[in-house]
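See structure below.
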Amino acid sequence: MDELNIRYWDQLYQSGQTGWDIGYVSTPLKEYFDQLTNRNIRILIPGAGNAYEAEYLHKSGFTNVYVLDFSAESIRKFQKRYPEFPAAHLISEDFFTHQGQYDLIVEQTFFSSIDRNQRPDYAQKMHDLLNNDGKLTGLLFTHEFDFQGPPFGGTLPEYRTLFQPFFEFNVFEIAYNSIKPRAGRELFFILQKK
């Protein structure tokens, strides 16, 4: 693990400098979660931060939700805010070295936080962590930012090229139900492991 990156993210959570954090589960993900019927699937939320998605899923009866973040501070803050979440399902480690098998992996601002040169490793690792026919679903920014990231943006053609070797594209479209500040600027996707 890169200690500088861990310190960087811990400091952001300690100081509350989390401008990407909307304070609740995003509407596109909430509506996707609401249509899932199997409450026993294994779900991973990497780079979960304040983990509103994990809290929502757990409150909705999903029993196998796992939060992964290498910032121990984000894990600590989540535990404090939502102590009902199973402590054994909170994992403080590097996504790229994590081992496990999941039916669903949820992407919410994690991809935009990693260095661009890690994107091919991200796609490969997501594929490796999913069970056969497992799904990667979530949101990605559809534009570049006019500052040095993170967050880092991207384009739909770039994402398509990145994920094509590993996944079938079930849904890959501009989210119709983003929050107002992100309207027209988020890609909602459901990718199925090849």
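The values are calculated or read from the model by the stated rules, or taken from the named source; none is laboratory data. From a predicted model like this one, the values you see are computed outputs, not experimental measurements. Positions of Cβ are generated from backbone atoms using ideal geometry, with glycine treated the same way; all protein chains shown enter the neighbour counts.
Only one of 109, 142 is out of contact with any Lys or Arg (no Cβ under 9 Å at 6 or more places or on another chain) and polar (S, T, N, Q). Can you tell me which?
On inspection, the qualifying residue turns out to be 109.
Do we have residue 61 as touching a residue at least 40 places away in the same chain (Cβ under 8 Å), under 23 Å from residue 131 (Cα atoms) and small (Gly, Ala, Ser) here?
The answer is no for residue 61.
Which residue is farthest from residue 130 (Cα to Cα), if the candidates are limited to the range 99-110 and must be modelled with pLDDT of 95 or more and buried (at least 17 other Cβ atoms within 10 Å of the Cβ)?
107
Filter the range 1-56 down to the residues that are modelled with pLDDT of 60 or more and of a type in the set (Asp, Glu), then identify the one that is nearest to residue 114 (Cα to Cα).
Result: 53.
Return a yes/no flag: does the range 154-174 have any residue that is closer than 23 Å to residue 54 by Cα, assigned to a helix (DSSP H, G or I), touching a Leu at 6+ places or on another chain (Cβ under 8 Å) and in contact (Cβ under 8 Å) with a residue 24 or more places away in the chain.
no
Mind checking which residues of the range 83-98 are modelled with pLDDT of 95 or more, over 24 Å from residue 34 (Cα atoms), not in a helix (DSSP H, G or I) and not aliphatic (A, V, I, L, M)?
98
Mind listing whichever residues of the range 57-82 are surrounded by 19 or more Cβ atoms within 10 Å (Cβ to Cβ) and at pLDDT 95 or above?
Those that are surrounded by 19 or more Cβ atoms within 10 Å (Cβ to Cβ) and at pLDDT 95 or above: 57, 58, 62, 65, 66, 67, 68.
Rundown of residues vs (1) modelled with pLDDT under 75; (2) surrounded by 14 or more Cβ atoms within 10 Å (Cβ to Cβ); (3) touching a Phe, Trp or Tyr at 6+ places or on another chain (Cβ under 6 Å); (4) charged (D, E, K, R), yes/no style:
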| site | (1), (2), (3), (4) |
| --- | --- |
| 138 | no, yes, no, no |
| 147 | yes, no, no, no |
| 152 | no, yes, no, no |
| 155 | no, yes, no, no |
| 162 | no, yes, no, no |
| 170 | no, no, no, no |
| 178 | no, yes, no, no |
| 183 | yes, no, no, no |
| 191 | no, yes, yes, no |
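Taking the range 112-121 as the region of interest, how many residues are among the hydrophobic types (A, V, I, L, M, F, W, C) and either surrounded by fewer than 19 Cβ atoms within 10 Å (Cβ to Cβ) or modelled with pLDDT of 95 or more (or both)?
0
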